[in-house]
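Q: I'd like to ask some things about the structure below.
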Amino acid sequence: MDVVFTDLDGTLLEHSTYSFAEAQPALDLLKNRGIPLVICTSKTRSEVELWRGLLGNEHPFIVENGGAVFVPANYFDFAVPSAVPHDRYLMLQLGTPYADLVESLRGAAEESRCRVRGFSQMSVAEVSEHCQMSLEHAALAKAREFDEPFVLLEEEKASDLFAAIERRGRRWTRGGRFYHILGDNDKAVAVRLLLGLYRAAGRHVRSAGLGDGLNDAPFLNVVDLPILIRTPWLDRLQALVPRGRPTDSPAPRGWSQAILELYSS
């Protein structure tokens, strides 16, 4: 069977408007072919639930840069190891609790004398402005559990901050709009876990992945068919994912073209 893993912002969703209208033909093709579409994003569970509803998606999903995997109850016909019931899902927690990450970022910023501003410090209105989204969506974006996005206020001290983050046993990455501090997890860890579950269902799995951010590079290197959505930093992403196939167009047109090329035949 085929499984498709996709980032959202700047990949399936247009970077500024969050529209996926141009991707609808490809979304319909995947649904008609019975190919699971697994969302793999830095967004929160609350945000992904909203987007899954808009997309008509009923498959597992990965949140907050691999902080957790959520599998709909009874999706697999076997017990999912280490999963715990969580609302309508089985949850596999891979990330560090949010409060610990917020404290680690505060300590790293203080040690490096690099000023930052994290989501925990931002109001809903401030997140809305940064992300060009409604207040309703911004409130969902602040409902974080395993990942703290932040902006650097002193770029010249970035290397000192990142070193201080790493000394605390944390990871950092960069998405389309923000830097992120996280625990011992990333999108690749979560994608490997889900691929193992699909294989445990007794099927050969061919995987494709689509992403546009530097934080997508780890999971794109895990899948069989990595696709790089065109962005201003495509060269940097391609250096991290040498097997990646770049699209001619940005999101969502590039996403749609890539899926149609892969699965129309």
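The values are calculated or read from the model by the stated rules, or taken from the named source; none is laboratory data. Every value quoted in this text rests on a predicted model; they were computed, and no experiment measured them. Note: ideal-geometry Cβ built from the backbone for every residue, glycine included; neighbour counts use all protein chains shown. In case anyone asks, the SASA skips ligands and DNA or RNA and just uses the protein heavy atoms, side chains included. Shrake-Rupley method; radii C 1.70, N 1.55, O 1.52, S 1.80 Å.
Q: As I understand it, the dipole of the chain uses +1 on the Cβ of Lys and Arg and -1 on the Cβ of Asp and Glu, about the Cα centre. Which of Phe76, Ile227, Ala201 lies farthest toward its positive end?
A: Sorting the options by dipole projection puts first Ala201.
Q: Tally the DSSP beta bridges in segment 1-138 and give the antiparallel ones as a percent, rounded to 5.
A: Details: 11 of 17 bridges.
The antiparallel proportion sits near 65 percent.
Q: Restricting to the chain, compute how many DSSP beta bridges are antiparallel as a %, nearest 5.
A: About 55 percent, rounded to the nearest 5.
Q: Residue by residue through segment 210-221, which ³J(HN,Hα) values in whole Hz follow from phi under the Karplus form 6.51 cos²θ - 1.76 cosθ + 1.60 (θ = phi - 60°), with glycine and proline marked x?
A: 10, x, 10, x, 5, 6, 8, 3, x, 6, 5, 6
Q: May I ask you to give the percent of accessible area on the chain that is carbon plus sulfur, with a probe radius of 1.4 Å? Kindly include the intermediate steps, with their values, before the conclusion.
A: Details: 5710 of 11530 Å².
The computed percentage sits at 50.
Q: May I ask you to compute the full-extension gain from Ser19 to Asn74, defined as 0.36 nm times their residue separation minus their alpha-carbon distance, rounded to one decimal in nm? Provide the component values of the computation, followed by the final result.
A: Values: separation 55, 0.36 × 55 = 19.80 nm, distance 3.09 nm.
Computed gain between Ser19 and Asn74 is 16.7 nm.
Q: Of Ser134, Ser249, Ser159, which has the most accessible area with a 1.4 Å probe, and how do the rest follow in descending order?
A: If we order Ser134, Ser249, Ser159 from most to least accessible, we get Ser159, Ser134, Ser249.
Q: So, one more: Kirkwood Rh, Cα Rg: Rg to Rh for the chain?
A: Computed over Cα atoms, the ratio is 0.95.
Q: What do you get for the angle between helix 45-55 and the principal long axis of the chain? Use alpha-carbon atoms, 0 to 90 degrees, nearest ten.
A: Long axis of 45-55 versus the principal axis of the chain: about 30 degrees.
Q: Sequence neighbours fewer than 8 away in the same chain don't count; with that in mind, list the lysines whose C-alpha is under 25 Å from Lys142.
A: Partners found: Lys43, Lys187.
Q: In whole percent, what relative contact order does the chain give with Cα contacts below 8 Å and a gap of six or more residues?
A: Numbers: 518 pairs, mean separation 64.1, N = 265.
Averaging sequence separation for qualifying contacts and normalising by length gives 24 percent for the chain.
Q: Next up: Compute the angle between helix 253-263 and the longest alpha-carbon principal axis of the chain, please, reported from 0 to 90 degrees and rounded to the nearest 10.
A: 40 degrees
Q: Another one. List, in order, the whole-Hz ³J(HN,Hα) value for each residue of segment 173-180 obtained from phi through the Karplus relation with A = 6.51, B = -1.76, C = 1.60 and θ = phi - 60°; use x for Gly and Pro.
A: Per-residue couplings from phi come out as 8, 10, x, x, 10, 10, 7, 9 Hz.
Q: What is the antiparallel percent of DSSP beta bridges lying wholly in segment 84-236, to the nearest 5?
A: 75 percent
Q: Label points 7 Å out from Cα along the Cβ direction at Glu154 and Leu260: separation in nm?
A: 5.0 nm
Q: Let me ask you something else. Among Arg243, Arg170, Arg33, which one moves the most in a GNM of the chain with springs linking Cα atoms closer than 10 Å?
A: In this elastic network of the chain, the residue with the biggest mean-square fluctuation among Arg243, Arg170, Arg33 is Arg33.
Q: What is the distance in Å between the Cα centres of segment 1-64 and segment 121-199?
A: Using only Cα atoms to place each centre, the spacing works out to 19 Å.
Q: Nearest 10 degrees, 0 to 90: what angle lies between the long axis of helix 158-167 and the longest principal axis of the chain (Cα atoms)?
A: The two axes meet at around 80 degrees.
Q: Next question. Can you tell me the convex hull volume per residue for segment 84-231, based on C-alpha atoms, in Å³ to the nearest whole number?
A: Output value, Cα hull per residue: 139 Å³.
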